[in-house]
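Down below is the structure, laid out as structure tokens.
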Amino acid sequence: MKQLIFFSTIFLLPALLNAQDYVPMAVDSATWVMGSTDENPIYDEVIVTRIEGDTMVNSIKYKKIYYYKYADFKILNKTRQLIGLLRDDIEERKVYGGIFEEFQSELSTFLNEESTCNWGDSDSFNEHLLYDFSLQEGDSIGACMLSIPTVIISKDSIERFGYKRLNYELSDDEYIMMTEGIGTCIGIFKGQTCFYTGGGYTYGLANYCIGSFENCGLLTSTEEQIQLTNEISITPNPISNVLRISSTNKIKKLVLYDINGRFVMSSLHTEEIEMIAYRSGIYILHVEDNFGNQNSFKVIKQ
């Protein structure tokens, strides 16, 4: 995939926000662009989340968070999916919300694996306290998306994406920050290491803005489906030991079923399946790449 380039055009928050010292997160047209790669600086997975419109749940007003697929340098408008809800308590300086449970696997790169959040679904939404910007240096913070309760070791103001924002640095084995209106530097829902590079692997918040996609430096497409082609091969087949999957696009998820459709195993971001312990027979391998392309293959285990 070609290097992803984001334009630096940043729009100031509406005048309403300038009249108050708290910078809310749940703002219409706020857009988070997150990228991950194992070949820095080329992104092989891009996630775009965006706030659009309102809804009511249990008489509480929320902003709706949508997820857009991104491919071939374009936002695919017709792939929009509602993935969660968000709201600010401006007086208390707190942010509440969550992501619907069925999207956890799809957005796994940008969710904390050790999160204790009990996400609900579109019919039974579970709200969590995600951020509390009323806390002071030395206070403990126990948001469910953090791996463990931790302590605020510094509190300051920083200039990020066109506005001065309160920023916390948290104590942990890893480097974590929380910033008003932004979340962490991995977006809204990942209270984990903000930026990690090891063996070339990097993930983080690549861009944030408020405004139209074009104003955010993102191209759009009205195509119904992602048009990127993906050539996949599996070898050897029949298989006795290790099955290897070769793909022109990065593999996001592998799911293996038996011939009767029963789930056997799943794996994220891998190109091999150890099958030596499996019974002989026919299996169905489902492969999904980072652009949403999906393919299924018959695998014969000897």
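The values are calculated or read from the model by the stated rules, or taken from the named source; none is laboratory data. Bear in mind that the values here come from a model prediction, so they are computed numbers and not experimental data. As a convention, Cβ positions derive from the backbone with ideal geometry for all residues, glycine included, and neighbour counts pool all protein chains shown.
Somewhere in the range 140-158, is a residue farther than 30 Å from residue 78 by Cα, among the charged types (D, E, K, R) and either modelled with pLDDT under 85 or over 18 Å from the mean Cα position of the chain (by Cα) (or both)?
Within the range 140-158 (the criterion being farther than 30 Å from residue 78 by Cα, among the charged types (D, E, K, R) and either modelled with pLDDT under 85 or over 18 Å from the mean Cα position of the chain (by Cα) (or both)), the answer is yes, since at least one residue qualifies.
Sort out which residues of the range 52-100 are small (Gly, Ala, Ser) and at pLDDT 85 or above, and write them in order of number.
Taking the range 52-100 first, the residues small (Gly, Ala, Ser) are 53, 59, 71, 84, 97-98.
Listed by number, the residues that qualify are 53, 59, 84, 97.
Of all residues in the range 191-244 being buried (at least 18 other Cβ atoms within 10 Å of the Cβ) and over 24 Å from the mean Cα position of the chain (by Cα), which is modelled with the highest pLDDT?
That would be 243.
Name the one entry in 21, 28, 38 that is of a type in the set (D, E, K, R) and either modelled with pLDDT of 90 or more or crowded, with 20+ Cβ neighbours inside 10 Å (or both).
Values: 21 fails: either modelled with pLDDT of 90 or more or crowded, with 20+ Cβ neighbours inside 10 Å (or both); 38 fails: either modelled with pLDDT of 90 or more or crowded, with 20+ Cβ neighbours inside 10 Å (or both).
Exactly one residue qualifies, and that residue is 28.
Identify, please: which residue in the range 264-285 is hydroxyl-bearing (Ser, Thr, Tyr) and closer than 15 Å to residue 239 by Cα and is, among those, nearest to the chain's Cα centre (by Cα)?
That would be 283.
Tell me, please, whether a residue that is among the charged types (D, E, K, R), surrounded by fewer than 18 Cβ atoms within 10 Å (Cβ to Cβ) and assigned to a strand (DSSP E or B) can be found in the range 269-286.
In the first step, residues of the range 269-286 are kept if they are among the charged types (D, E, K, R); the result is 271-272, 274, 279.
In the following step, the residues that additionally are surrounded by fewer than 18 Cβ atoms within 10 Å (Cβ to Cβ) were identified as 271-272, 274, 279.
Checking the rest, the ones that are also assigned to a strand (DSSP E or B) come to 272, 274.
Scanning the range 269-286, I find at least one residue that is among the charged types (D, E, K, R), surrounded by fewer than 18 Cβ atoms within 10 Å (Cβ to Cβ) and assigned to a strand (DSSP E or B), so the answer is yes.
Is there a residue in the range 162-172 that is among the aromatic types (Phe, Trp, Tyr), in a strand (DSSP E or B), modelled with pLDDT of 75 or more and touching an Asp or Glu at 6+ places or on another chain (Cβ under 8 Å)?
Kept after step one, since they are among the aromatic types (Phe, Trp, Tyr), are these residues of the range 162-172: 163, 168.
Those left that are additionally in a strand (DSSP E or B): 163, 168.
Going one step further and asking which of them are modelled with pLDDT of 75 or more, we end up with 163, 168.
With the extra rule that they be touching an Asp or Glu at 6+ places or on another chain (Cβ under 8 Å), the set shrinks to none.
Checked against the condition, which is being among the aromatic types (Phe, Trp, Tyr), in a strand (DSSP E or B), modelled with pLDDT of 75 or more and touching an Asp or Glu at 6+ places or on another chain (Cβ under 8 Å), the range 162-172 yields no hits at all.
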